[in-house]
Amino acid sequence: MARHSSAYQRGAASPPWGRRSAAPRGPVDGAAPAGPAAPAALDPATPAAPSYPGAAPPPPGPLDAWGMPGANGAAPAGVPGVPGAVDPVGAPGQVGDGGPAPGSAVVIQGTGVSKRFVSYHNRATSLKERFVRRGGPAGDDFWALRDVDVTIGRGQTVGLAGANGSGKSTLLKVLAGILRPTSGEVSVQGRIASLLELGAGFNGELSGRDNVYLNASLLGLSKREIDRLFDSIVDFSELRHKIDDDVKHYSSGQYVRLGFAVAVHVDPDVLLVDEVLAVGDEAFQRKCLAKIAEFRAQGRTILFVTHSLDLIENMCDRILVLESGSLIYDGNPAVGTKLLRQKLGSLPAEGPVSWEYATVRPQSVAFSPDPGGLPMVQYDPGERLTVSVELDVTEGAPEQIYLHTYIVGQSEVPIWMMETPPGGLAVGPGRHIVDFSVPHLPELLGAFAVKVHVSDATTGAPVTTRRFEELFGVSGPQADGLLKVDYEARLRG
Amino acid sequence: MSHLADAPLPAGTPTAPSPQQVGPGPGQHAMDPSRLARRSRAQTRVRWELLRNLVRKDLKVKYKGSTLGFAWSLANPMLLLVVYTFVFQIVLKSGIHRFGIYLMSGLLVWNAFSGSVSSACGSVVANANLVKKVRFPLAVLPLSAVGFAAVHFLLQLLVLFVVILILGYNLFGADLLLLVPAGAVAITFTVALSLLVSALNVRYRDTSHLLDVALLAWFWLNPMVYAFGLIQTQLHEWTWVYLLNPMAVVVITFQRAIYDPGGGSTGSTPVLADPGYTFYLEHLAVAGVISLVLLWVGLHVFRTMQADFAEDL
């Protein structure tokens, strides 16, 4: 009896890629791994198509459609878990296209997932209310998730991050099939073990042994399977001496240990971890992390919900960043955690983000006499110079940004600085060009480079810094030195 | 340690793909989609084995620490038998011969029914912690409540048979076969109502209170402490309305199968509804149809509502 009658059963019956390719999602999909070539390669009926693209040189033919990462600019931003992925940061900061690793089967697929929580006082909670007020106004409903598209392939380790109340745990529960999405579809393939709360199914009146059997049985194992795994579970939990005691006599640490041991031994295809690693002593935590690392190596799918961004950086090969229920970033963990730190305001302590990962990226710089004019690199003192900085602004950037543009000389010595007017510049997502015009170049000779600082105009928090390699030169008739100085040369005596 | 013994290669280990390989490499944890789908279904389908484990758990928890254990559950109805026999046969003189046996032959199945339904009603709410955290087939919760009651019922029935044989009454005969269709209707009806109320009770917590009251009244709508003949003489041609209650049909069939009124019926009204079989089979058929319709409704309601259980709890 499937509990998500519609979505889940459909998901199980028809391979998700069939539906996915039928629902175009913009040009990215064309090159995305779930393209039309994938089913043929995965279909057991066509054994001629090898489906191990990560480790093998891609043969010609259908594999081309997988769009090998790095070779294609439109490849998913995060191509994790794929050995040999050349450049995991195909297009940094791109939102919503961190698809599964090329060629791997889709384990979890969520399309347009939204979840609305009806506020308690709006809901009929008794039969009387049900009949007295039917279909009352839906006032203070709360959207915990808004139109989230997620495709998680087999073998990925995905971190779900975001501020408190951003919808991480809701997304995890929806993907786990515990909550039904208000709209959208979720399909899950394979056995899910959730470490949402360890030992959730334990009954204190029963012995550890009985609880192991019961819990594993709930998670979908047969008696035979449990018999086979039982010793290993007990060994992992280090509770052999207490296994026949009632669970109610266990310490909370022992309780959690047994719960973890069961959850990781049920041979899950998908492991869901929700902040549970915060419990237990350090030795146990290490053991948990080691087990999770082992799962990664075995190519299982793991979903993490955690506030520990360090953990995500260390353990995950993909991050989903949520903000007020929307997916704002999907891709490389290094980028995502920086983005999140920036949002949470914890970044200044750690310095600005590398420009490639920033929300405002100084893309290029150009020199010309007049704004928009022909580029020129050689100038004479007194001439007009315009330094044009091209910015790529993505979703999640500060509304008002502030630019400091330094002209630097040899040994990175700042010669002068130009900044945007007070209050900053209002920029939306997209490409922008900021022109700094110097009417008369000073009589300062040499080759100069440009360094751009971007900061949030409202908070003053630094966003990013980039020093461009491009140079412009100011030349004069004199032979050497920086400044052109009026002088006389005379022989005396 | 099976899945570890599956010799997982590190994810980065290059493996030359051979044409025979379907999954990503031989040592990988990966498997073909049909196996994944099957494992996914194993987590969302009601399996007998899981149901059995849950019933066993309930039994274990219930009789843990009591020396007599299961015997209490058997002693309970026997004590009832003695008390009711005393009250109805000696004090009130109900006029039903061998009243204790008559009572028990109907009461056991009723107790199983009402016990199932009322414990199923609270089963989802009582396991809120599990429902909110773990993906498993939720219908096992009310179903295991039914299973728990069914196990007790069968053992109590066995004890009743033993008592009847000890007392030297007539038990074995073709009429005992009526227990099969009657039992089938009873289990269908019980499962149907259990699914329905357990789902409704998650959102509308009034359900359990309403159910308590309803079961109390419902008890008297079955001819257990009074003879069915009483109804026939009161309702005449409207008796069929009374028999729209599937439990009433089940009860009278159980009485026909188990209870032997003995040689002389002392009262003026016949105790059993009908001396033949067709009467019972016809009414069981009607009750069966009603039960199946209710089962469909119950399944539908449960399936529709279960997706929101985690949210409503």
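What follows is calculated from the coordinates using simple rules that are stated; it is not laboratory data. None of these values were measured; they are calculated from a predicted model. With ideal geometry, Cβ positions are generated from the backbone for all residues, glycine too; neighbour counts draw on all protein chains shown.
A few points about this structure:
- Potential lengthening of the chain between residue B:87 and residue B:279 amounts to 66.0 nm, from the contour at 0.36 nm per residue minus the alpha-carbon distance.
- Above-threshold pairs, the threshold being 24 Å between Cα atoms, out of A:223/A:287; A:168/A:343; A:242/A:291; A:173/A:242; A:291/B:133; A:287/B:57: A:223/A:287; A:173/A:242; A:287/B:57
- Global geometry of chain B, whether rounded, prolate or oblate, following the gyration tensor of its Cα atoms and the 1.5 cut on a/c: prolate
- Couplings for the range B:234-249, taken from phi via the Karplus curve 6.51 cos²θ - 1.76 cosθ + 1.60 with θ = phi - 60°, read 7, 9, 6, 6, 8, 4, 4, 5, 4, 8, 6, 6, x, 5, 5, 5 Hz in order; Gly and Pro are left as x.
- Global form of the range B:125-173, assessed from the alpha-carbon gyration tensor, a/c cut-off 1.5: prolate
- Simple spin-label estimate for residue B:79 and residue A:297 gives 6.1 nm between the two label positions (7 Å along the Cα-to-Cβ direction from each Cα).
- Label reach from residue A:400 (point 7 Å along Cα→C-beta): in the range A:416-454, amide nitrogens under 14 Å belong to A:420-427.
- The spread of Cα positions in the range A:356-474, taken along each principal axis and listed from longest to shortest, comes to 41, 30, 26 Å.
- Sparse-neighbour loop sites [trypsin sites (Lys or Arg not before Pro); the range B:73-148; at most 15 other C-beta within 10 Å; DSSP]: B:93
- DSSP-assigned coil residues among chymotrypsin sites (Phe, Trp or Tyr not before Pro) in the range B:121-178, each with at most 12 further Cβ atoms within 10 Å: B:172
- Inter-chain neighbour count for A:184-193: the average number of beta-carbon atoms from partner chains within 10 Å of each residue's beta-carbon is 5.
- In order along the range B:116-131, the Karplus-derived 3J(HN,Hα) couplings, from 6.51 cos²θ - 1.76 cosθ + 1.60 at θ = phi - 60°, round to 4, 5, 6, 7, 5, 4, x, 5, 5, 4, 5, 9, 3, 4, 5, 4 Hz, and Gly and Pro are given as x.
- Computing FRET efficiency as 1/(1 + (r/R0)^6) for residue B:154 and residue A:377, where r is the C-beta to C-beta distance and R0 is 56 Å, gives about 0.05.
- Point-to-point label distance, residue B:236-residue A:117, nm (Cα→Cβ direction, 7 Å offset): 6.3 nm
- Per-residue extension of 0.36 nm, minus the Cα-Cα distance of residue A:469 and residue A:240, leaves a gain of 76.0 nm for this segment.
- Förster radius 56 Å - calculated FRET efficiency between residue B:64 and residue A:426 (Cβ-Cβ, nearest 0.05): 0.20
- Placing R0 at 30 angstrom, the Cβ-Cβ distance between residue A:433 and residue A:147 gives a FRET efficiency of 0.40 after rounding to 0.05.
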